[in-house]
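Undergrad: The following block contains the structure, expressed as structure tokens.
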Amino acid sequence: MATIIVVTSGKGGVGKTTTSAAFAMGLALRGHRTAIIDFDVGLRNLDLIMGCERRVVYDFVNVINGEANLNQALIKDKRVDELYILPASQTRNKDALTSEGVNKVLSELFERGFEYIVCDSPAGIEHGAFIALYFADEALIVTNPEVSSVRDSDRILGILASKSRRAENGAEPIKEHLLVTRYDPSRVNSGDMLAMEDITDILGIPILGVIPECPSVLQASNSGVPVILEDSSRAGQAYTDIVGRFLGENLPHRFTTPEKRGFLKRLFR
Amino acid sequence: MRLLEYFRSSRRNTAAVAKERLQIVIAHERSEGSGRGYIQRLLPKLEQEILQVIRKYFQIEENQVTLQVEREGDYEVLELNVTLPD
Ligand SMILES: Nc1ncnc2c1ncn2[C@@H]1O[C@H](COP(=O)(O)OP(=O)(O)OP(=O)(O)O)[C@@H](O)[C@H]1O
Ligand SMILES: [Mg+2]
């Protein structure tokens, strides 16, 4: 049985797509058969972050509408076995994602032996975000250390607990994981950024990991490489830890204290 | 010097201010809007704690305590069922 994981946030631009790409790639690197679905219909971007934009022929909505089969639409990643991308449609709107249609695609992925299905949610709390989280078993709540993002994450937690399939069927609730991204430990130290402990306190869910603010994220996105493949980058390493913890490893948090600046760095700060 | 400290300390506090404001606004939003979801989330823990209390008086198994939220009109009704041993 596959595990469906939604990457969600409420607020836009906090790092959902960056996280979805890194997380799915990380699972595949560990040998797990993983599919990643872009639910941001109309604003397709996962293809760019994954570096497969020129290989998109058919998309998620085509499959739902029976205009293509899943085989034709799934794009196999060229860097790692076991990773497949299902791109969003660029020309439709989010209403094209019917719950029967999405359910059908998910069941087909189950039948093909996928272990993990990562759903990259659009921002907001409208239909697109609802349908992305509806079928989830687990959720990564991507939150920036900033008031509006934390508040919006709380809204999403309410929706996960009340509007998801699991909630409607009275099944075990969706397992929630907090992921704090764009974290700047030096600003936390100087008191002008919420600390990871503050955010877990407020939201009351367990933290899976912290991704530091890191220039490699932009560089990796420029070249269509999920940042987890940049082994030497802090964000890449933090995402690797997150995948490890998700798979049950007990790893301490890294990059949560200010970096020691070398003499030259301090000089040119 | 004093002035400098003043600015420093007021800056130092913004994260704490953010936390306090968030706790207030979120508590408020939880208690109205999306209430049901939050009740559902609390159930497993509440069930465990109720079980512990009842176990002080009776020997019962985990499945002898059930908690449910039912919607009746505008209200959420929390239903607690405890099956006691014979
Ligand atoms: N850890 C990080 N450090 C630096 N920049 C980051 C980090 N994470 C994300 N970003 C940047 O933030 C921006 C938004 O990221 P991303 O597209 O992943 O967010 P999103 O939540 O998917 O946005 P949307 O809501 O529009 O779908 C991008 O420019 C990305 O490069
Ligand atoms: Mg996105």
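Every number in this text was worked out from the coordinates using simple rules, so none of it is lab data. In this text, all values refer to a predicted model and were calculated from it rather than measured experimentally. Cβ: placed from backbone, ideal geometry, glycine included. Neighbour counts: every protein chain shown.
Undergrad: Pick out, from the stretch A:185-253, the helices (runs of 4 or more DSSP H) lying fully within it that include 2 or more residues that are within 14 Å of chain B (Cβ to nearest Cβ) and more than 21 Å from the chain's Cα centre (by Cα).
TA: The helices (runs of 4 or more DSSP H) meeting that bar are A:185-189, A:196-203.
Undergrad: Still on this structure: Name every residue in the stretch A:164-194 that is more than 15 Å from ligand 1 (Cβ to nearest atom), surrounded by fewer than 21 Cβ atoms within 10 Å (Cβ to Cβ) and under 18 Å from B:Ala18 (Cβ atoms), in order of residue number.
TA: Listed by number, the residues that qualify are A:Asn189, A:Ser190, A:Gly191, A:Asp192.
Undergrad: Being surrounded by fewer than 17 Cβ atoms within 10 Å (Cβ to Cβ), more than 10 Å from ligand 1 (Cβ to nearest atom) and in contact (Cβ under 8 Å) with a residue 24 or more places away in the chain is the requirement here; does A:Ser232 meet it?
TA: Taking the combined requirement at face value, the residue does not satisfy it.
Undergrad: May I pose another question? Residues that are within 16 Å of ligand 2 (Cβ to nearest atom), of a type in the set (S, T, N, Q) and within 14 Å of chain B (Cβ to nearest Cβ): find the strands (runs of 3 or more DSSP E) completely inside the stretch A:41-153 holding 1 or more of those.
TA: Of the strands (runs of 3 or more DSSP E) lying wholly inside the stretch A:41-153, those with at least 1 residues that are within 16 Å of ligand 2 (Cβ to nearest atom), of a type in the set (S, T, N, Q) and within 14 Å of chain B (Cβ to nearest Cβ) span A:138-143.
Undergrad: Residues in the stretch A:28-55 that are surrounded by fewer than 24 Cβ atoms within 10 Å (Cβ to Cβ), touching a residue at least 12 places away in the same chain (Cβ under 8 Å) and away from ligand 1 (no atom under 15 Å from the Cβ): how many?
TA: Residues flagged as surrounded by fewer than 24 Cβ atoms within 10 Å (Cβ to Cβ), touching a residue at least 12 places away in the same chain (Cβ under 8 Å) and away from ligand 1 (no atom under 15 Å from the Cβ) within the stretch A:28-55 amount to 7.
Undergrad: Can you tell me which residue in the stretch A:26-40 is nearest to the other protein chains (Cβ to nearest Cβ), limited to those that are within 16 Å of ligand 2 (Cβ to nearest atom) and among the aliphatic types (A, V, I, L, M)?
TA: Selected residue: A:Ile37.
Undergrad: When you look at A:Ser153, is it crowded, with 22+ Cβ neighbours inside 10 Å, small (Gly, Ala, Ser) and within 24 Å of A:Gly101 (Cα to Cα), yes or no?
TA: Taking the combined requirement at face value, the residue does not satisfy it.
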